[in-house]
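A short write-up of the structure that comes next.
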Amino acid sequence: AVLKAGEEVTGATVHFVGDEIDGGLIIRQKSTCVKEGDTPESLQKRVLDECEHPLLVGVVRDLCADKIKVKDGKLIEF
């Protein structure tokens, strides 16, 4: 969809679960550029390797270490 839409940037978002799909409070986001010649497969691999996997590991680590909290509906990072 990113390639078909001609987007120049894509990435991943880690968020809390909410009532709506992808509607929870955003914890962190990371982006990567779409490169000339990208295929859906090459772009997917780069998004996973550069964005999604590092984000998930970092967020889980910081949640377990109590470095991420929500107060009054707002994200607080320590």
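The values are calculated or read from the model by the stated rules, or taken from the named source; none is laboratory data. What you are looking at is a predicted structure, and each value in this text was computed from that prediction instead of being measured. So basically every Cβ, Gly included, is an ideal-geometry build from the backbone, and we count neighbours across all protein chains shown. Surface areas here come from the heavy atoms of the whole protein model, side chains and all, with no ligands, DNA or RNA. Shrake-Rupley method; radii C 1.70, N 1.55, O 1.52, S 1.80 Å.
The candidate values are (1) 6.5; (2) 6.0; (3) 4.7; the one derived from this structure for mean projected area of the Cα convex hull in nm² carries the label (2). Projecting the Cα atoms of ILE26, PRO40, LEU63 onto the dipole axis of region 11-78, where Lys and Arg carry +1 and Asp and Glu carry -1 at the beta carbon, places LEU63 farthest toward the positive end. Shown here for region 2-78: GluC sites (Glu not before Pro) in loop regions (DSSP other than H, G, I, E, B) with at most 10 other Cβ atoms within 10 Å, namely GLU8, GLU20, GLU36.
The apolar share of the surface of region 28-76, taken as the fraction of accessible area on carbon and sulfur atoms (1.4 Å probe, ligands and nucleic acids excluded), comes to 54 percent. Taking LEU56, LEU43, LEU75 and ordering them by how much accessible surface each has at a 1.4 Å probe, largest first, produces LEU56, LEU75, LEU43. Spin-label pair THR13-CYS33: with each label point 7 Å from Cα along the Cα-Cβ axis, the two points sit 2.4 nm from one another.
So what's the back-of-envelope 222 nm ellipticity for the chain, counting only DSSP H runs of four-plus at -39500 (n - 2.57) apiece and dividing by all residues, rounded to 500?
Per the formula, -7000 deg cm²/dmol.
Each Lys and Arg adds +1 at its Cβ and each Asp and Glu adds -1 at its Cβ; summed about the Cα centre, the chain shows a dipole of about 280 debye. Our estimate of slack between LEU25 and ALA5, defined as 0.36 nm per intervening residue step minus the Cα-Cα distance, is 4.6 nm. For region 11-27, 3J(HN,Hα) computed residue by residue from phi via the Karplus equation (6.51, -1.76, 1.60; θ = phi - 60°) reads x, 9, 10, 10, 9, 6, 6, x, 6, 9, 4, 6, x, x, 4, 6, 8 Hz, glycine and proline entered as x.
Largest accessible area first, the listed residues CYS33, CYS51, CYS64 line up as CYS64, CYS33, CYS51 when surface is computed with a 1.4 Å probe on the assembled protein chains. In region 5-35, which trypsin sites (Lys or Arg not before Pro) are in a loop and have at most 12 other Cβ atoms within 10 Å, using DSSP for the loop call? In loop regions of region 5-35 (DSSP not H, G, I, E or B), the sparsely surrounded trypsin sites (Lys or Arg not before Pro) are LYS35. Against the criterion of solvent-accessible heavy-atom surface with a 1.4 angstrom probe, ASP22, ASP66 sort, most first, into ASP22, ASP66. The aspartates and glutamates within cross-link reach of LYS74, meaning a Cα-to-Cα straight distance under 17 Å and a gap of 8 or more places when in the same chain, are ASP19, ASP22, ASP62, ASP66.
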